[in-house]
1. Based on what the data block shows, is Thr190 touching a Lys or Arg at 6+ places or on another chain (Cβ under 9 Å), assigned by the TED database to the domain that holds Ser69, among the polar types (S, T, N, Q) and modelled with pLDDT of 90 or more?
2. List the number of the failed condition for Val162; all other conditions in (1) open to solvent by 50 Å² or more (accessible area, probe 1.4 Å); (2) in a loop (DSSP other than H, G, I, E, B); (3) under 23 Å from Ile230 (Cβ atoms) hold.
3. List every residue pair whose Cβ atoms sit under 7 Å apart, with the two residues 6 or more apart in sequence or on different chains, where the first one lies in segment 60-78 and is farther than 18 Å from Arg32 by Cβ and the second, anywhere, is open to solvent by 80 Å² or more (accessible area, probe 1.4 Å) and not in a helix (DSSP H, G or I).
4. Is it true that Pro232 is farther than 30 Å from Gly127 by Cα, open to solvent by less than 30 Å² (accessible area, probe 1.4 Å), within 25 Å of the chain's Cα centre (by Cα) and at pLDDT 90 or above?
5. So in segment 138-159, with the set limited to residues that are of a type in the set (D, E, K, R) and touching a helix residue (DSSP H, G or I) at 6+ places or on another chain (Cβ under 8 Å), which one is least open to solvent (accessible area, probe 1.4 Å)?
6. Among the residues of segment 29-55, write down those that are in contact (Cβ under 8 Å) with a residue 12 or more places away in the chain and farther than 16 Å from Leu99 by Cα.
7. Of the residues Ala110, Ala104, Ala91, which is in the same structural domain as Pro171 (by the TED database), among the small types (Gly, Ala, Ser) and at pLDDT 95 or above?
Amino acid sequence: MASLYKAVSGTKRRREDDGADNESTGAKNRQRVLMLSSRGVTYRQRHLINDLSVMLPHAKKDSKFDTKSKLFMLNELADLYNCNNILFFEARKRQDLYLYLAKAPNGPTAKFHIQNLHTMSELNFTGNCLRGSRPILSFDKTFDGSAHYRLVKELLFHIFGVPKGSRKSKPFVDHVLMFSIIDNKVWFRTYQISEAIDTAGSEGSTTVEAENIRIGGNKKKQLTLSLVEIGPRFVMTLISIVEGSFSGPLIYENKEFVSPNFVRAQYRMGRAALKNKRADKVEMKKVQKVVKAKERKEKGPDPLTDSLLFA
């Protein structure tokens, strides 16, 4: 009976302490992400989705979404799984991949086109991190330069930032998710925070921070922090932002974005123009050959040929 009383009183005290901690620290970050894709994804795109799902322990991965026209139904799916963020990958023509970042159920929604994607299995980098650990999010200062990139930064922070004490997460921070803007595109990279004790002070490593520590008495050694890339890596081009979740008025549209279908159509038209040009040259040579033969026949034999001179 005494053990039961101690157990119950201990749980009550723990709950009171947790409540006091929550009141002192403020509201909890309760971000949950629903991650799913459409049908028609290739094996590389599927491996990329698997890599991202492993990196986001607070994400709920669902089966493939059947339709591509009624995307507003994803809000009901997110409500069923108790998720307030949606990460949806849409594959088109088995070669183009589009990414939707949405806040359910009220929005906004940002649409990206993914290019140059490379998964962990094909990169084979030496970096590694603990499964379920929390990342440090690093954003380029260019995100604060415009309103639409500030909104994209907030969406990325809510989706890729793992809340403390979330589902399947571990209380460790050992990798960095870096988002940088180059050529009006968002570049995604993942790095491991590698710690090494440097006694000789090597200059070849990419040092982030150095600190003198005491190990084994009064001996001072230098703790060197470096970044080692893990993967995956990809490049995102912002297409548009709408006010609602997969619906609503258009807030931002990238006028410089060129559809990959248009690029392929222009490439095919260029190839067809070259082929037609070569065919026209061959046809012109045939016509010139026929005209020259006809002129020779009309002129008759040349009077200065050997057969006529020495006949």
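The values are calculated or read from the model by the stated rules, or taken from the named source; none is laboratory data. Everything quoted here is computed from the prediction, not taken from an experiment. Quick reminder, even Gly has a Cβ in these numbers, built from the backbone with ideal geometry, and neighbours come from all protein chains shown. The accessibility values were calculated without ligands, DNA or RNA, using every heavy atom of the protein model including side chains. Shrake-Rupley method; radii C 1.70, N 1.55, O 1.52, S 1.80 Å.
1. yes
2. (1)
3. Lys64/Arg39; Asp66/Arg39
4. no
5. Lys153
6. Asn29, Arg30, Gln31, Arg32, Val54, Met55
7. On the way: Ala104 fails: at pLDDT 95 or above; Ala91 fails: at pLDDT 95 or above.
Only one candidate passes the filter, namely Ala110.
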